[in-house]
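Undergrad: First, the structure itself, so that you have it in front of you.
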Amino acid sequence: MRLVILESPYAGDIEANVEYARACVRDSLSRGEAPIASHLLYTQPGILRDEVPEERQWGIDAGLAWSDKAEATVVYIDRGISRGMEYGIANAERAGRPVERRTLSRSQRMTYENSENS
């Protein structure tokens, strides 16, 4: 499996962005990739608090620590590009790691939107 860092929005509408990120992880897995989506992992209850700047930075840095192993950074852009995503993209570019921008297909978006409304 190809190792990738997955970037999608987290801040803002957190509930919708988490559902979207889950759909992105599923898409990445379906492509034969092993994604790390640190914004889903480290923001779970009891781990880190995204609203605390120091803890947010810990999570960002921990996710990017995987970058030495990653073959690419995949950026899902249907919901825009957040400041955190820009940080991840800049990190990839500095490291010379390919950055791939992606969107979910219509059916994937519909599945995501339906799960969001359940």
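The values are calculated or read from the model by the stated rules, or taken from the named source; none is laboratory data. Here the structure is a predicted model, which means the values were calculated and not measured. Cβ sites come from the backbone with ideal geometry, for glycine too, and all protein chains shown count toward neighbours. Note: accessible area is taken over every heavy atom of the protein model, side chains too, but ligands, DNA and RNA are not part of it. Shrake-Rupley method; radii C 1.70, N 1.55, O 1.52, S 1.80 Å.
Undergrad: Excluding ligands and nucleic acids, what accessible area in Å² is computed for residue 103 using a 1.4 Å probe, to the nearest 10?
TA: Using a 1.4 Å probe on the heavy atoms, I get roughly 80 Å².
Undergrad: Sorted by accessible area with a 1.4 angstrom probe, largest first, how do 19, 33, 86 fall?
TA: The ranking, largest first, comes out as 86, 19, 33.
Undergrad: With Rg and Dmax of the Cα atoms in Å as the read-out, I listed [x] 13.6, 41; [y] 21.1, 86; [z] 16.9, 54; which label goes with the value calculated from this structure?
TA: Entry [x].
Undergrad: Let me ask another. Students sometimes get this wrong: rank 1, 85 by accessible area, probe 1.4 Å, all chains present, largest first. Intermediate results must be reported in sequence, preceding the final value.
TA: Details: 1 155, 85 0 Å².
These residues rank, largest area first, as 1, 85.
Undergrad: Next question, about the same structure. In a shell of Cβ-Cβ distance under 12 Å around residue 49, excluding residue 49 itself, what net charge do Lys and Arg (+1) and Asp and Glu (-1) give?
TA: Local net charge: -3.
Undergrad: What number, in percent, do you get for the relative contact order of the chain if the mean sequence gap of Cα pairs under 8 Å and at least 6 apart is divided by its residue count?
TA: Working: 159 pairs, mean separation 38.8, N = 118.
That works out to 33 percent.
Undergrad: Of all DSSP beta bridges located in the chain, what percent are antiparallel, nearest 5?
TA: Working: 0 of 12 bridges.
Roughly 0 percent of the beta bridges in the chain run antiparallel, per DSSP.
Undergrad: Next up: Could you pull out every residue, at least 5 positions away or on a different chain, whose amide H is within less than 5 Å of the one on residue 78? Hs are placed 1.01 Å off N in the peptide plane, and Pro or chain starts have none.
TA: 104
Undergrad: Please list 56-67, 91-102 highest first by mean number of surrounding beta-carbon atoms within 10 Å per residue.
TA: Working: 56-67: 16.0, 91-102: 13.8.
For the peptides 56-67, 91-102, the packing ranking is 56-67, 91-102.
Undergrad: Provide 27, 78 ordered by accessible surface of protein heavy atoms (probe 1.4 Å), highest first.
TA: Numbers: 27 10, 78 60 Å².
If we order 27, 78 from most to least accessible, we get 78, 27.
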